[in-house]
Amino acid sequence: MPNAIDAANTKFSAAAVQGDTAALAALYDNDAVMMMANAPAARGHDAIAKTFAGMGAAMKLSAIKLQTQDVIVSGDYAIETGAYDLTGQPSAKGAKPKHDVGKYVVVWKKQADGSFKMVRDIANSDLMEK
């Protein structure tokens, strides 16, 4: 199980840096819910893809590191707790590069083909907004 999550996190990081919203959304189950700070919950695959598109338009990531801290497995579900570290360039003219660190919780669900997809994803920053 941890290997499957590590592989999915590697795909997530690569897709995020490339700005590939389709690849990002493909990591989520059809009825997933993504809850990011300072935004309404994105419910369902299409809303998650739209949220990632908006995030990508607001900032181009140059690096993101996801670090799994623990995984609890129960049946076809796994709950991952982790930390993130990201750097990006906001698209606003004259904006300075942004660095953020924070934490996340993801609930993964085993799919019929044996892969795992996210069904719940929540993350928030450790840094105060300035």
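Please treat every number below as a calculation from the coordinates, not as lab data. All values derive from a computational prediction rather than experimental measurement.
Sequence gap of 8 or more, or different chains, plus Cα separation below 25 Å: how many lysine pairs satisfy both in segment 25-130? For segment 25-130, qualifying lysine pairs total 28. Suppose we look only past 21 Å in the calculated P(r) of segment 64-127. What percent of the Cα-Cα pairs does that tail hold? For segment 64-127, the share of Cα pairs beyond 21 Å comes to 38 percent. In degrees between 0 and 90, to the nearest 10, how far off the longest principal axis of the chain does helix 2-18 point, with axes built from Cα atoms? Rounded to the nearest ten degrees, it is 30.
Each Cα pair under 8 Å and six or more residues apart adds its separation to the average, and for segment 1-100 the resulting relative contact order is 22 percent.
To the nearest ten degrees, helix 45-58 and the longest principal axis of the Cα atoms of the chain are 30 degrees apart. In the chain the Cα-Cα distances spread across 5 Å bins starting at 0 as 2, 11, 20, 26, 22, 12, 5, 2, 1, 0 percent of all pairs. Using the rule -39500 (n - 2.57) for each DSSP H run of four or more residues, divided by the residues of the chain, the 222 nm mean residue ellipticity is -8500 deg cm²/dmol. The phi-based Karplus calculation (6.51 cos²θ - 1.76 cosθ + 1.60; θ = phi - 60°) puts the 3J(HN,Hα) values of segment 96-111 at 7, x, 10, 10, 9, 10, x, 9, 8, 10, 10, 9, 9, 10, 5, 8 Hz, whole numbers, x for Gly and Pro.
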